[in-house]
Each structure stands twice: as structure tokens, then as C-alpha cells.
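Scroll down for the structure; my scribbles are underneath it.
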Amino acid sequence: MSRLCALFGFWITLGSALWREGEVSLTLFLTWFLFPLVTGALAHLLPMWWWPGLPTARREAAQRTLGRLAVLRIGAFWSGGVLISLDIPWGINLVVAPLLLFLGQVVWLFLLARSPEESNPSRP
């Protein structure tokens with residue numbers, strides 16, 4: 001979902017050059033393309049890096065957890081990008097909030113990945 005929305009955001013960013021006379025907005029590029037793409041990719045890849053090998057239930061649960069609020073993140077990114085492009089200063093809050101939320105989810109999963117029961121290989 002995130003990658004599809006990022007692709008759509010990329011086309012919107014390129015299309016913005018038409019109404020801005022060749023100037024591609026960095027704000028739209030970051031908020032409509034790059035942030036959704038990176039958070040979506042990390043939601044899929046971080047659990048694979050933390051639990052390499054064959055797919056496990058824990059890794060799939062971690063991927064679901066990181067991807068759970070993807071639609072909300074994308075909506076906030078896109079809304080914030082439009083507001084910033086319209087020179088509405090509080091639009092930056094709609095961009096920063098989902099980044100902080102995603103960072104919190106990553107930190108939480110990192111703490112779970114380093115839990116004591118995971119580090120004891122003698123337990124089945």
C-alpha cells in the first residue's frame with residue numbers, strides 16, 4: 001500500500017512541475033513520495049533484518065505492526081505536504097507527527113527484538 005501511494009505521490013510531484021513552470025517542489029517530493037516510500041519499505045525490511053532466515057510468526061507480526069497505521073501516515077504526509085505548499089505553517093506538524101509515530105513503533109519493536117527470552121538460545 002505504501003509503495004503504491006509513494007508511486008502515486010511521485011507522479012503528482014512530477015505533475016506539479018507543470019503548474020509551477022518547471023520547478024518541482026521539494027516539499028511535495030518529500031511528503032508525497034519519499035516519506036511514504038521509506039516508511040513503507042522500512043515497515044517491511046526492518047523485521048527481516050532483525051529476524052533473518054525463514055519467515056517466522058514473530059517477523060510477520062512485526063511487519064503487520066509497523067504497517068498497521070500506514071494509511072494514516074500517508075494521509076498525514078500528503079495533507080501536511082499540501083498545507084506546507086500553501087504556506088500554512090502548521091502543516092509541518094502533520095509531517096512530523098507520523099514520522100515520530102513510526103519512529104516510536106520502530107523503537108518499540110527494537111526493544112522487543114532484544115528481549116531476554118530472545119537472547120537465550122537454550123530455550124525452545
Practice problem: Name every residue in segment 13-51 that is at pLDDT 75 or above, over 12 Å from the mean Cα position of the chain (by Cα) and outside any loop (DSSP other than H, G, I, E, B), in order of residue number. | Solution: L26, T27, L28, F29, P47, M48, W49, W50
Quiz prompt | Checking T56 against (1) of a type in the set (S, T, Y); (2) free of Cβ contacts under 8 Å to residues at least 24 places away in the same chain; (3) under 18 Å from S25 (Cα atoms), the condition it does not meet | solution = (3)
Quiz item: Does segment 48-63 include one or more residues that are within 26 Å of F8 (Cβ to Cβ) and exposed (fewer than 13 other Cβ atoms within 10 Å of the Cβ)?
Solution: no
Exercise. For segment 80-117, name all the residues that are under 15 Å from L26 (Cα atoms) and either in contact (Cβ under 8 Å) with a residue 12 or more places away in the chain or not in a loop (DSSP other than H, G, I, E, B) (or both).
Key: G80, G81, V82, L83, I84, S85, G91, I92, V95
Exercise. Return yes when G9 is at pLDDT below 85, farther than 23 Å from L112 by Cβ, of a type in the set (G, A, S) and not in a helix (DSSP H, G or I) and no when it is not.
Key: no
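The values are calculated or read from the model by the stated rules, or taken from the named source; none is laboratory data. Since the model is a prediction, treat every value here as computed from it, not as a measurement. Cβ sites come from the backbone with ideal geometry, for glycine too, and all protein chains shown count toward neighbours.
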